[in-house]
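Accompanying notes for the structure given below.
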There are 2 protein chains.
Amino acid sequence: MSPANVAAAKASLSIRLLDRHTTMSDGSRRYLPINLREKLERFHDHWSPRVIAQMNDYQFKLARIQGEFVWHSHADTDEVFIVVDGEMAIEFRDGCVELKTGELFVVPKGVEHKPRAHSECRIMLVEPYGVVNTGGQGGALTAPNDVWV
Amino acid sequence: MSPANVAAAKASLSIRLLDRHTTMSDGSRRYLPINLREKLERFHDHWSPRVIAQMNDYQFKLARIQGEFVWHSHADTDEVFIVVDGEMAIEFRDGCVELKTGELFVVPKGVEHKPRAHSECRIMLVEPYGVVNTGGQGGALTAPNDVWV
C-alpha cells in the first residue's frame, strides 16, 4: 500500500472513531465499544475476514472458519490468531498447533500454514493493513480486503 | 528503540516460538498455544502489564487493573484495549467508554485517557514494542517494560 493510501486509511479510521459515540445531556460523549460477539452475528460466511478495528497500520479482523483453508504464507509479516469461540488447528509443514476459546498463536512471517476447523470456529486475526488472507497463494478462498463490519 | 534492539527483540521472539513445542513419537511438532486465562493466573499485581506474544514490532500484553490509573497519552501510537474478564472504563477529556468482557476499544494516538475499574478487571493490550504504560506522564504507576509471563 502506498503512503498516500495509508494516510487515507488512517483518516478514514479517525472518522469511524469519532462517529461512534452518543452525546449525553451534560454534553459529554459516551463512546461505543466494539463487541466481538455482536460483530460476529452480522455475517455468517466462512473464510471471509471482516475488519472491526484499526490501530496504526494494523487491523483487527473477525472471521468464521470451518473446514480446511489452503496452504499459504505471508512473506512480510507475522500473523496473530485468537480464538473467540470454538476450536481450530493450524497445520505447519513440521507439525501443528491446536487452539481453543481464549487461546492465541503467532504464525511467524514466511512460515507456511494451513488453518482448519472441524466445526465452525470464530476467530480474531491481527495483521498489517493490506494482508491478503491467502498470502501469495491466491485461489477461490481469496477474500476481498478491508471489508468492515 | 534502536534498530539493533528491534532486531534483538525479534531474534528473542523467534527463539520463544521455537521453544514452545513438544515432539510427537512420529517426529512432528505440537506447538503450544498461549492461553490468556492461564497466563493471567501467573501474576496478581495491578497496572503492571506482562507480555505474552509479539507480532512483528507489536506486543500483546495482559494486565490486571483495579482503581484509577493516571491521565496520560501516547504521542506516537494508538493503543488497543480488550477486556478478557470484567468491566472497565476509559475516561477521555470529553467523555468516556465503558467496556465489558469481549469488548475492544482503540484509543487514538495523542488522546489523553485514564483507565479505571471499580472491581478487578483483566485486560489485553496491544501496542508497539517499547510503549510505556504511563506515556509521557511518568509517576509511581509506571511499570517496567517488556516483562514476559
In segment A:103-130, the residues that are more than 23 Å from A:Asp76 (Cβ to Cβ) and in contact with a strand residue (DSSP E or B) (Cβ under 6 Å, 6 or more places away or on another chain): A:Glu103, A:Arg116, A:Ala117, A:Glu120, A:Cys121, A:Arg122
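Results for (1) of a type in the set (A, V, I, L, M, F, W, C); (2) in contact with a Lys or Arg (Cβ under 9 Å, 6 or more places away or on another chain), shown as yes or no for each residue.
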{"position": "B:Gln59", "(1), (2)": "no, no"}
{"position": "B:Val83", "(1), (2)": "yes, yes"}
{"position": "B:Asp94", "(1), (2)": "no, yes"}
{"position": "B:Val97", "(1), (2)": "yes, yes"}
{"position": "B:Gly135", "(1), (2)": "no, no"}
Members of segment A:65-79 that are in contact with a Leu (Cβ under 8 Å, 6 or more places away or on another chain) and closer than 12 Å to A:Val131 by Cα: A:Glu79
Scope segment A:114-146; condition within 11 Å of A:Ala63 (Cβ to Cβ) and surrounded by fewer than 18 Cβ atoms within 10 Å (Cβ to Cβ); matching residues: A:Glu120, A:Ala143
Evaluation of A:Val80 against (1) touching a residue at least 24 places away in the same chain (Cβ under 8 Å); (2) surrounded by fewer than 17 Cβ atoms within 10 Å (Cβ to Cβ); (3) at the interface with chain B (Cβ under 8 Å from one of its Cβ atoms) (one fails), failing number: (2)
Selected residue (criterion: modelled with the highest pLDDT) from residues of segment B:83-106 that are more than 9 Å from chain A (Cβ to nearest Cβ) and farther than 20 Å from A:Glu38 by Cβ: B:Glu91
Residues (closer than 27 Å to A:Glu41 by Cβ and within 12 Å of chain B (Cβ to nearest Cβ)) located in segment A:108-122: A:Arg122
Matching residues in segment A:1-40 - criterion: being at pLDDT 90 or above, closer than 16 Å to A:Asp146 by Cα and away from chain B (no Cβ under 12 Å): none
Scan of segment A:20-63 for residues that are without any contact (Cβ under 8 Å) to a residue 12 or more places away in the chain and charged (D, E, K, R), ordered by number: A:Asp26, A:Arg29, A:Arg30, A:Glu38, A:Glu41
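Conditions (1) more than 16 Å from the chain's Cα centre (by Cα); (2) of a type outside the set (A, V, I, L, M, F, W, C), marked per residue:
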{"residue": "B:Phe69", "(1), (2)": "no, no"}
{"residue": "B:Arg93", "(1), (2)": "yes, yes"}
{"residue": "B:Val97", "(1), (2)": "yes, no"}
{"residue": "B:Phe105", "(1), (2)": "no, no"}
{"residue": "B:Val111", "(1), (2)": "yes, no"}
{"residue": "B:Cys121", "(1), (2)": "no, no"}
{"residue": "B:Glu127", "(1), (2)": "no, yes"}
{"residue": "B:Thr134", "(1), (2)": "no, yes"}
Boolean, B:Ile65 is touching a His at 6+ places or on another chain (Cβ under 9 Å) and under 25 Å from A:Tyr58 (Cβ atoms): yes
Scan of segment A:41-61 for residues that are of a type outside the set (D, E, K, R) and more than 10 Å from every other protein chain (Cβ to nearest Cβ), ordered by number: A:Phe43, A:His44, A:His46, A:Trp47, A:Ser48, A:Pro49, A:Val51, A:Gln59
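Consider segment A:83-93. How many of its residues are assigned to a loop (DSSP other than H, G, I, E, B) and surrounded by fewer than 17 Cβ atoms within 10 Å (Cβ to Cβ)? First the steps, then the outcome.
Taking segment A:83-93 and keeping what is assigned to a loop (DSSP other than H, G, I, E, B), we get A:86, A:93.
Next, only the ones that are surrounded by fewer than 17 Cβ atoms within 10 Å (Cβ to Cβ) stay: A:93.
Count: 1.
Just the residues that are part of a strand (DSSP E or B) and either within 18 Å of A:Lys100 (Cα to Cα) or outside the structural domain of A:Val106 (by TED's automatic domain parsing) (or both), please, taken from segment A:56-81.
Matches in segment A:56-81: A:Lys61, A:Leu62, A:Ala63, A:Arg64, A:Ile65, A:Gln66, A:Gly67, A:Glu68, A:Glu79, A:Val80, A:Phe81.
Within segment B:112-122, does at least one residue satisfy the condition of being in contact with a Cys (Cβ under 7 Å, 6 or more places away or on another chain), closer than 22 Å to A:Val126 by Cα and in a strand (DSSP E or B)? Show your work before the answer.
First pass over segment B:112-122, keeping only residues in contact with a Cys (Cβ under 7 Å, 6 or more places away or on another chain): none.
Checked against the condition, which is being in contact with a Cys (Cβ under 7 Å, 6 or more places away or on another chain), closer than 22 Å to A:Val126 by Cα and in a strand (DSSP E or B), segment B:112-122 yields no hits at all.
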Pairs with Cβ under 6 Å, 6+ apart, first in segment B:89-104 and touching a residue at least 12 places away in the same chain (Cβ under 8 Å), second polar (S, T, N, Q): B:Glu103/A:Asn35
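The values are calculated or read from the model by the stated rules, or taken from the named source; none is laboratory data. On a predicted model such as this, the values are computed, not experimentally measured, just so you know. Here the Cβ is made from the backbone with ideal geometry for all residues, glycine too, and neighbour counts use every protein chain on show.
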